[in-house]
Amino acid sequence: DHFKRQAQAYSAKEKHHLALEKNRQAIKVCLDSIRPDLADRFHAEIADCYTNMNISFRAANQYDSAYWCLQQALTYYQKSNLVDIALNIGNVYNELGDLYMAKKQYATAIQNQQKAIKILHAYPKHRYLTFAYTSLGEAYLQSGDPEPALGFFRKALRILVPHFPASVRSIGTVSDRSLIALHGIARCQLAQQKLAHAFNNFRRLDTLVSQVRFSLREDASKFSLAKQALPIYENAIY
């Protein structure tokens with residue numbers, strides 16, 4: 001757990017080589033400590049580390065290494081009989097979709113994200129399902145098909161903000177996925193030349209960005225928000 005937390009901290013700071021090192025240390029601890037009565041937990045922990053290592057490799061454009069890590073993650077999750085392990089398996093398929101999307105192989109990305117959604121439908125309010133919907137929307141949008149993309153972004157947003165748009169101003173803490181989903185909707189409307197609808201959603205995004213900014217304390221989180229907000233305002237200007 002100590003090494004995993006360190007890896008997550010380094011990943012958040014985009015120090016991916018250090019995140020990889022800490023994940024490898026965590027895996028070694030698990031492999032050295034594994035025994036039959038703890039095998040399910042350790043297999044899941046190892047799979048978590050491989051899933052996180054994929055993110056670091058993908059950030060460095062090392063796609064083959066990222067793919068290998070995700071295959072390892074699937075293998076170890078499937079060895080575990082922990083309750084709700086299907087959540088993690090569904091998330092791996094979404095990560096595979098994101099990997100193929102980074103490689104601009106949109107058809108394969110969509111296939112993997114659809115696998116993720118099929119598994120994650122059993123958990124209708126879980127954040128992993130919102131990840132899959134936003135990723136699938138992004139794959140369709142980037143492949144030049146904004147109509148189905150719009151539907152998937154809306155499904156993600158309905159999970160995150162059930163009474164959208166009326167409840168936007170009453171949200172205390174907004175996840176990054178709320179911004180991603182709403183920005184996806186606005187970008188689809190831009191692509192469809194529905195400029196008035198897009199502009200209304202960019203005004204809502206401005207509200208959400210302000211709420212998130214006031215809730216943040218750490219400089220790294222503020223930097224991450226600034227990077228995410230920049231294309232929002234650029235598209236709003238357009």
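Since every read-out is calculated from the coordinates, none of them should be taken as a lab result. Given the structure is predicted, the values throughout are model-derived calculations rather than measurements. Cβ placement follows ideal geometry from the backbone for every residue including glycine, while neighbour counts extend to all protein chains displayed.
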Report summary line: In the neighbourhood of residue 197 defined by beta carbon distances under 15 Å, the net charge of the other residues (Lys, Arg +1; Asp, Glu -1) is +4
Query - Rg and Dmax of the stretch 85-211, Cα atoms only, in Å - result: 14.3, 43
Report summary line: The helix 195-215 Cα axis meets the longest alpha-carbon principal axis of the chain at an angle in degrees, between 0 and 90 and rounded to 10, of 50
Report summary line: Residues other than residue 112 with Cβ under 9 Å of its Cβ, Lys/Arg counted +1 and Asp/Glu -1, net out at -1
Query raised in the report: Taking Rh as the Kirkwood radius computed over C-alpha pairs, what is the Stokes-Einstein D of the stretch 63-112 at 20 °C in a medium of viscosity 1.002 mPa s, expressed in µm² per second?
Result: 191
Query raised in the report: Using alpha carbons only, how many degrees (0 to 90, rounded to 10) separate the axis of helix 39-59 from the longest principal axis of the chain?
Result: 50
Query raised in the report: Under the Karplus relation 6.51 cos²θ - 1.76 cosθ + 1.60, θ = phi - 60°, what is the ordered set of whole-Hz ³J(HN,Hα) values for the stretch 145-160, x standing for Gly and Pro?
Result: 10, x, 5, x, 4, 4, x, 6, 4, 5, 4, 4, 5, 5, 6, 6
Report task. Jot down the radius of gyration and Dmax of the chain, Cα atoms only, both in angstrom. Result -> 18.6, 60
Requested in this report: First check a/c for the stretch 15-58, with a ≥ b ≥ c the square roots of the eigenvalues of its C-alpha gyration tensor; if it is under 1.5, answer rounded, and if not, answer prolate when a/b is larger than b/c or oblate otherwise.
Outcome: oblate
Query raised in the report: Just how many % of Cα pairs in the stretch 8-149 lie over 22 Å apart, if you round to the nearest whole percent?
Result: 40
Query raised in the report: Around residue 85, what is the net charge, scoring Lys/Arg as +1 and Asp/Glu as -1 over all other residues with Cβ under 14 Å from its Cβ?
Result: -2
Query - Label-point separation, residue 217 to residue 123 (7 Å along Cα→Cβ), nm - result: 2.8
